[in-house]
Amino acid sequence: MPRLQRILADGLAALAIVLIASCALDRAALAQANRVAEIAAYQGADREQRLIEAAKKEKELTFYSSIPTEDISALVAAFDRKYGVKVKVWRADSEGFLQRVVSEAKARRFEVDIMAGSTSALEPLYRENLLQEVLSPSFADLIPEAIAPHRQWTAVYLNTIVQAYNTYLVQKENLPKSYRDLRKPEWKGKLGIESEDFDWFAQVVAAMGEAHGLQLFREIVAANGISVRKGHNLLTNLVAAGEVPLALTVYGFLAEQAKRKGAPIDWFVIPPAVARITAEGLARNAPHPNAALLFFDFLIGEGQQLLASRQFVTVTRKIETPVARESLKLIDSAAMLDHARKWQDLYQKTIIGASR
């Protein structure tokens with residue numbers, strides 16, 4: 001056989017092997033997805049017992065999450081104590097685990113079972129067809145807003161975005177009552193904000209009326225400046241340390257946790273009260289579907305009491321919260337995903353760039 005023909009023949013043979021292997025992987029992925037869907041849809045009276053028995057055989061599950069490390073540790077420890085099923089955790093911010101899940105799926109590597117983080121990550125995963133709808137008996141106890149319209153992610157808690165202040169540097173009686181008050185000269189050099197909170201900005205500005213809201217924030221920045229910091233943990237710590245006397249976007253649970261540990265920090269809310277949803281989703285190709293569903297139920301069931309004890313605003317109607325849920329304006333992740341570029345640009349021009 002001439003050399004060129006031999007090269008072509010070898011190339012075609014190699015391509016055939018790749019195609020056969022690819023088809024085999026696709027068939028295996030489809031079969032696993034069908035299995036996960038069947039388990040997730042089961043609603044028999046013995047559902048919990050079946051999940052427990054099968055989860056003990058699976059022995060473990062993999063959890064990708066942006067929930068803070070100490071809070072994840074408390075949740076997985078309680079789950080392990082109850083069921084004897086190990087939770088392998090990989091933590092990153094919501095954008096980080098979104099990218100990892102998508103990359104793994106493209107490579108046909110299905111390692112994650114459950115994901116939990118901002119709906120800014122869960123909503124894109126739904127649109128990428130990487131989540132599986134779940135029918136859980138715990139849904140009956142949740143507030144209606146906790147369950148996505150498409151039912152492929154479910155809220156675990158509401159991440160309130162509050163204003164936090166250093167109690168040594170700012171007196172409670174002098175706190176601003178509205179964003180208009182932040183134009184006053186006493187706030188010059190005292191304000192801070194998180195660098196990526198464009199969705200909070202969109203919600204607040206929209207509530208004021210877009211043109212008026214944008215103009216007001218321009219005036220605040222021009223008059224007094226706003227220090228821009230990356231990370232809500234960092235911003236909370238800077239308030240406690242006195243480097244940022246008043247922060248406009250701190251997570252409520254972080255401020256309250258720090259306060260209870262004795263830090264000179266307290267928090268309040270300038271209307272409107274805004275919250276992000278932190279949600280969980282079941283991976284469509286979860287390798288440990290029974291353990292994953294057991295953990296899914298735990299987070300919106302017994303785990304809610306544990307979260308409440310750690311100052312989170314829970315989504316079960318069985319537990320009262322420090323902030324009335326009905327007073328919160330929840331960020332619509334689907335709408336924000338569709339209009340993200342607009343609000344990212346406005347946040348950059350109005351706050352970030354103007355503050356440098």
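Do we have any residue at all in region 58-77 that's closer than 13 Å to ALA286 by Cβ, of a type in the set (Val, Ile, Thr) and not in a helix (DSSP H, G or I)?
yes
To keep it simple, each residue is scored yes or no on (1) under 24 Å from SER65 (Cα atoms); (2) modelled with pLDDT of 95 or more; (3) loosely packed, with under 14 Cβ neighbours inside 10 Å; (4) not small (Gly, Ala, Ser).
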| residue | (1), (2), (3), (4) |
| --- | --- |
| LEU125 | yes, yes, no, yes |
| TYR157 | yes, yes, no, yes |
| VAL170 | no, yes, no, yes |
| LYS177 | no, yes, yes, yes |
| GLU186 | no, yes, yes, yes |
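Any residue in region 39-59 that is under 12 Å from TYR83 (Cβ atoms) sitting within a Cβ distance under 7 Å of a residue that is of a type in the set (Val, Ile, Thr)? List the pairs, counting only those 6 or more apart or interchain.
Filtered contacts from region 39-59: ALA55/VAL85; LYS56/VAL85; LYS59/VAL85.
Answer with yes or no whether ALA40 is at pLDDT below 95, surrounded by 19 or more Cβ atoms within 10 Å (Cβ to Cβ) and over 20 Å from THR316 (Cβ atoms).
yes
So for region 69-88 (the condition being out of contact with any Lys or Arg (no Cβ under 9 Å at 6 or more places or on another chain), crowded, with 21+ Cβ neighbours inside 10 Å and not hydrophobic (A, V, I, L, M, F, W, C)), does at least one residue qualify?
No, every residue in region 69-88 fails to be out of contact with any Lys or Arg (no Cβ under 9 Å at 6 or more places or on another chain), crowded, with 21+ Cβ neighbours inside 10 Å and not hydrophobic (A, V, I, L, M, F, W, C).
Can you confirm whether VAL170 is within 26 Å of PHE201 (Cβ to Cβ), hydrophobic (A, V, I, L, M, F, W, C) and outside any helix (DSSP H, G or I)?
It is true that VAL170 is within 26 Å of PHE201 (Cβ to Cβ), hydrophobic (A, V, I, L, M, F, W, C) and outside any helix (DSSP H, G or I).
Taking into account only those residues within region 281-320 that are part of a helix (DSSP H, G or I) and polar (S, T, N, Q), which is surrounded by the fewest Cβ atoms within 10 Å (Cβ to Cβ)?
SER309
Looking at (1) touching a strand residue (DSSP E or B) at 6+ places or on another chain (Cβ under 6 Å); (2) in contact (Cβ under 8 Å) with a residue 60 or more places away in the chain; (3) of a type in the set (Gly, Ala, Ser), find the lone condition where ALA78 falls short.
(1)
Report whether or not ASP181 is surrounded by 13 or more Cβ atoms within 10 Å (Cβ to Cβ), charged (D, E, K, R), assigned to a helix (DSSP H, G or I) and touching a Ser or Thr at 6+ places or on another chain (Cβ under 8 Å).
Here the answer is no, as ASP181 does not meet what is asked.
Would you check which residues across region 310-356 are of a type in the set (S, T, N, Q) and either closer than 22 Å to TYR179 by Cβ or at pLDDT 95 or above (or both) and list them?
Those that are of a type in the set (S, T, N, Q) and either closer than 22 Å to TYR179 by Cβ or at pLDDT 95 or above (or both): THR314, THR316, SER327, GLN344, GLN348, THR350, SER355.
Say whether the condition of being at negative phi, of a type in the set (Lys, Arg) and in a helix (DSSP H, G or I) is met by at least one residue in region 109-124.
No, region 109-124 contains no residue that is at negative phi, of a type in the set (Lys, Arg) and in a helix (DSSP H, G or I).
Of all residues being within 30 Å of GLY44 (Cβ to Cβ) and in a loop (DSSP other than H, G, I, E, B) in region 145-167, which is nearest to the chain's Cα centre (by Cα)? Just the residue, please.
Taking the candidates together, the pick is TRP153.
Using the structure shown, decide if TYR83 is of a type in the set (Ser, Thr, Tyr), within 30 Å of VAL269 (Cβ to Cβ) and either more than 16 Å from the chain's Cα centre (by Cα) or not assigned by TED's automatic domain parsing to the domain that holds GLU196 (or both).
No, not satisfied.
Could you tell me which of the residues LEU98, LEU142 is within 15 Å of the chain's Cα centre (by Cα), assigned by TED's automatic domain parsing to the domain that holds ALA291, within 23 Å of VAL315 (Cβ to Cβ) and surrounded by 16 or more Cβ atoms within 10 Å (Cβ to Cβ)?
The unique qualifying residue is LEU98.
Hey, among ALA334, ALA354, ALA308, which residue is farther than 16 Å from VAL204 by Cβ, over 20 Å from the mean Cα position of the chain (by Cα) and not basic (Lys, Arg)?
ALA354
If a residue must be assigned to a helix (DSSP H, G or I) and not aromatic (Phe, Trp, Tyr), how many such residues does region 200-248 contain?
31
The values are calculated or read from the model by the stated rules, or taken from the named source; none is laboratory data. Since the model is a prediction, treat every value here as computed from it, not as a measurement. As a convention, Cβ positions derive from the backbone with ideal geometry for all residues, glycine included, and neighbour counts pool all protein chains shown.
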